[in-house]
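Q: Quick one: this structure, given as structure tokens, is what I'll be asking you about.
Just so it is clear, none of the values below were taken in a lab; they were calculated from the coordinates. In this text, all values refer to a predicted model and were calculated from it rather than measured experimentally. Please note: Cβ atoms are built from the backbone with ideal geometry, for glycine as well, and neighbour counts cover all protein chains shown.
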Amino acid sequence: AERFPAPKPQKARPQVEWAAVCVRRVDGAVLLARHAPGERGALFAGLWDLPSVELGEVPEGPLFSSAAGKAALGALRALGLPVGGFEPRPLGTVEQTLTHRELRVHLFGVELGEGAVLAKTRLERESVRWVEPTAAALGALGLSSLARKSLRACGLAAPRGASGAAKAAAPRPARVIL
């Protein structure tokens, strides 16, 4: 019998931790941000997602949730949005395996009241927008499977499967019965 060399041991994928914030207005709209080209090494460039930030040194244990929640609000601050007075609440964690890394996203929620400054902020930039949380509205945007998974974990109607308007706009083929 012919002998083959033993398979090489797999390199461990680095674990990357993000904090993301699901901001909801009173009318139910959710705030999404587009990943910029070159951001995080072009990972998810051009795709829409919840505003997020990569976590650096965050304390483990009981202080983790508070520190990660503050980091998630930092993602809004990085977009130039006011975040004063918001108290993010933990919504859970989603994980995604990519070719060369493992991603873990810690989700936090912020509900905006009628008088919230952020709710009244006009977002006229191409990189940030309020979106109705319907499968049709979200399906019209370019969302990664990680973004869809995150939106579902936040209780939103993210479409499953391939993202984008192509799937939503594709006509169904007619069935022919003979």
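Q: How far apart, in nm, are the 7 Å Cα→Cβ label points at Ser127 and Ser145?
A: 2.8 nm
Q: State, to one decimal in nm, how far the label point of Ala67 lies from the label point of Lys8, with both points 7 Å from Cα in the Cβ direction.
A: 3.5 nm
Q: If you keep only loop residues by DSSP, which chymotrypsin sites (Phe, Trp or Tyr not before Pro) in the range 1-101 have at most 13 other Cβ atoms within 10 Å of their Cβ? Mind showing how you got there, number by number?
A: Values: sites: Trp18, Phe44, Trp48, Phe64, Phe86; in loops: Phe44, Phe86.
Passing both the DSSP loop test and the Cβ count: no residue.
Q: OK, next. What length, rounded to one decimal in nm, is gained on full extension from Ala157 through to Glu111, with 0.36 nm per residue of separation minus their alpha-carbon distance?
A: On the way: separation 46, 0.36 × 46 = 16.56 nm, distance 1.69 nm.
Full-extension gain reported as 14.9 nm.
Q: To continue, here is another question. Long-range amide H contacts for Glu102: which residues qualify at under 5 Å (H placed 1.01 Å from N, peptide plane, sequence gap of 5 or more or a different chain)?
A: Amide H neighbours of Glu102, under 5 Å, 5+ apart: Gln15, Val16.
Q: Pull up all non-local amide H partners of Gly142: gap of 5 or more, or a different chain, and H-to-H distance under 5 Å with H placed in the peptide plane.
A: Amide H to amide H, under 5 Å and 5 or more residues apart or across chains, Gly142 pairs with Trp48.
Q: Show me, for the range 79-95, the HN-Hα J-couplings you get by feeding each phi into the Karplus relation (A = 6.51, B = -1.76, C = 1.60, θ = phi - 60°), rounded to Hz, glycine and proline as x.
A: After applying 6.51 cos²θ - 1.76 cosθ + 1.60, I find 7, x, 9, x, 10, x, x, 7, 10, x, 10, x, 10, x, 9, 10, 10 Hz.
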